[in-house]
Amino acid sequence: GREVMSKPSSIRGLVLTVAFGYGLPEYRTFVLSLRRHYKGEAIIISDAGAASEASQLCVAHNVTMLHVDMAPKLFRHTRFSRFAELCHLPEHYCLSIDFRDSFFQADPFSNIDLLGGRTERGMPPDLLLSQEGVATWPHSGYTLGERWMQKSWVEQCFGKETAAAMQAWPTICSGAVFGTAAGFAAFASAYSALGQLPHACDFQDQAVLNYLVSRRLLHASVRVQPRGAGVVHTMAPYCGVTVFVKRGGARPYYCREPRPLPLSAAGLVVNDDGAVAPVVHQYDRVLNRSTSMSAVFEAVRHIELQSTSPSRPNRGRGRGAGHRRLGKSRPS
């Protein structure tokens, strides 16, 4: 793999995720793969009913759990406001990542070049975003017009006319967002400025993110990394032939000829340039589409065996050793 630069002293990493309703297996995949590579701050926002075994795992690996008193549907609508409250220091560079379908292969903050390089403030871009789509040659399945579900989300939030105007927009994934404190604050502020969105939009923060970026409503420096070329590799079916079928006014696709996924000799997921991807997202989307993914699946299933430290309880030392509770929340 490519040699990575050491973490610059000006960056203080923070990993943020939300885990409502998950059990110990999902916690093990996320926490143990994270801690194999990254020793910095990490916060999991969970529901009050999180399994005690999951809580013990987080304590053992110095990961903070924050409990919230809010329905998951409502919290998803306001989660970036919470992230902005937690990602608040000038030196913070934060990663908001989906919990259930993500795992780590390297420190997500270790390569400043892969994070987009330094801006004039000495930090990476305020918001570093990732595209998602179907991996084909020639590349297709990226735009809103080619993805009927993504288009329907925008329609639910902003209407059919807006969705039609965004038809050629390459879709961005809301499940993997890097940013500075200013970037997360800008996203939360722009989201709030939209006012009350339709109830059908409650789960659709991805539609909102794509709308805000496409309309240039985020008052922050933004960089979008193509799928397979950034810190987060959002998995997709790898297709030799993609077949498009008319449906719902869009052009959905299915993979007629699955191709082997790009893996290193050690069985790690690599980007298009052959470098190991630090974070793998949506790995479950391809488990049944390619036998080559079995190596990754086995690594996920047995990731606790790869952990470099035993699961010994942390006796209450450190910021992440305990549990904190967010106050009862009201939808904004």
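Is there any pair with a first residue in segment 185-200 that is under 16 Å from VAL154 (Cβ atoms) and a second that is at pLDDT below 85 and open to solvent by 40 Å² or more (accessible area, probe 1.4 Å) whose Cβ atoms are under 9 Å apart and which are 6 or more apart or on different chains, and what are they? Pairs that qualify, where the first residue is under 16 Å from VAL154 (Cβ atoms) and the partner is at pLDDT below 85 and open to solvent by 40 Å² or more (accessible area, probe 1.4 Å), are TYR191/SER332. For segment 188-224, a residue qualifies if it is hydrophobic (A, V, I, L, M, F, W, C) and in contact with a Leu (Cβ under 6 Å, 6 or more places away or on another chain), and the qualifying residues are ALA190, LEU212, LEU218, ALA220, VAL222, VAL224. Checked against (1) among the charged types (D, E, K, R); (2) at pLDDT 85 or above; (3) crowded, with 20+ Cβ neighbours inside 10 Å, ARG216 passes all but a single condition, namely (3).
Only a single criterion out of (1) at pLDDT 90 or above; (2) more than 22 Å from the chain's Cα centre (by Cα); (3) open to solvent by 20 Å² or more (accessible area, probe 1.4 Å) is not satisfied by HIS199, namely (1). When segment 20-52 is filtered for residues that are surrounded by fewer than 22 Cβ atoms within 10 Å (Cβ to Cβ), over 30 Å from PRO198 (Cα atoms) and aromatic (Phe, Trp, Tyr), only TYR38 remains.
Only a single criterion out of (1) touching an Asp or Glu at 6+ places or on another chain (Cβ under 7 Å); (2) open to solvent by 50 Å² or more (accessible area, probe 1.4 Å); (3) at pLDDT below 80 is not satisfied by GLY249, namely (1). For segment 170-185, the count of residues that are farther than 23 Å from LEU14 by Cα and at pLDDT 90 or above is zero.
Of the numbered criteria (1) within 18 Å of ASP101 (Cβ to Cβ); (2) touching a Leu at 6+ places or on another chain (Cβ under 9 Å), the one GLU53 fails is (1).
The values are calculated or read from the model by the stated rules, or taken from the named source; none is laboratory data. In this text the structure is predicted, and so the values were computed from the model without any measurement. Note: ideal-geometry Cβ built from the backbone for every residue, glycine included; neighbour counts use all protein chains shown. These accessible areas exclude ligands, DNA and RNA; they are computed on the full protein's heavy atoms, side chains included. Shrake-Rupley method; radii C 1.70, N 1.55, O 1.52, S 1.80 Å.
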